[in-house]
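Readers should treat all values here as calculations from the given coordinates under stated rules, not as data from a laboratory. Everything numeric in this text was worked out from a predicted model, so none of it was measured. Here Cβ is always computed from backbone atoms with ideal geometry, including for glycine, and neighbour counts include all displayed protein chains.
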Amino acid sequence: MGQASNICGGVVRRLLPAELPGFRDHLLRLDPDSRQDRFGMAVSDDFLRNYAERCFGIDDVIYGFVVEGMVRGAGELRGIGYNLPLGFGGSAEAAFSVESEWRRQGVGAELMSRIVRAARNRRAETLYMSCLINNRAMLQLAKKFTADLRYEPDESRAQISPKAPTPATMLSEAADDFTGFATAMVDLHRRVFELR
């Protein structure tokens with residue numbers, strides 16, 4: 001879990017709420033199979049636009065895989081149910097999406113390591129992930145993080161019990177966020193000058 005890890009020509013970092021358009025555009029670029037893997041069903045562009053607008057809430061943590069200023073993958077963490085908000089225990093849900101050109105290159109593992117650390121630092125007692133039974137890459141990734149897998153006819157549910165946070169995990173996330181913010185500002189600066 002290095003700080004703003006360079007991988008496949010991109011960087012994994014926390015996305016800022018102002019980057020909602022980039023996150024939305026990433027979701028819209030997902031091919032039909034990737035959309036099915038991420039949402040467990042076929043989804044339209046309108047569904048994705050509406051979904052993206054509901055992200056970046058107070059209980060949401062989103063890490064992105066960013067290549068040359070464009071979000072190409074995302075790991076999402078949010079509190080679920082009627083539990084207390086993240087940071088006060090309870091349950092959380094994780095979800096991942098990576099565009100097809102960057103799959104099977106370690107991007108998902110980097111995103112997942114950030115999400116598990118974020119859940120740990122927010123004292124989530126249980127972290128849930130759902131994926132289709134034929135999504136072998138996600139099932140292998142869940143096993144790598146010692147998830148308890150439960151299989152149902154069409155999908156499997158992974159359940160991870162994050163450890164308690166430590167000063168090292170808290171500091172690691174804070175340093176990651178600081179580095180990610182600096183990288184986001186460089187990306188924004190680059191885009192502004194490209195528009196001129």
Residue 34 to residue 51: extension gain in nm, 0.36 nm per residue of separation minus the Cα-Cα distance?
-> 4.6 nm
Sparsely packed trypsin sites (Lys or Arg not before Pro) within segment 21-84, loop by DSSP, other Cβ within 10 Å at most 16 | 54
Loop-only check: which chymotrypsin sites (Phe, Trp or Tyr not before Pro) in segment 27-116 are DSSP coil with at most 12 other Cβ within 10 angstrom?
-> 82, 88
Could you list 177, 45 in order of exposure, starting from the residue whose Cβ has the fewest other Cβ atoms within 10 Å?
-> 45, 177
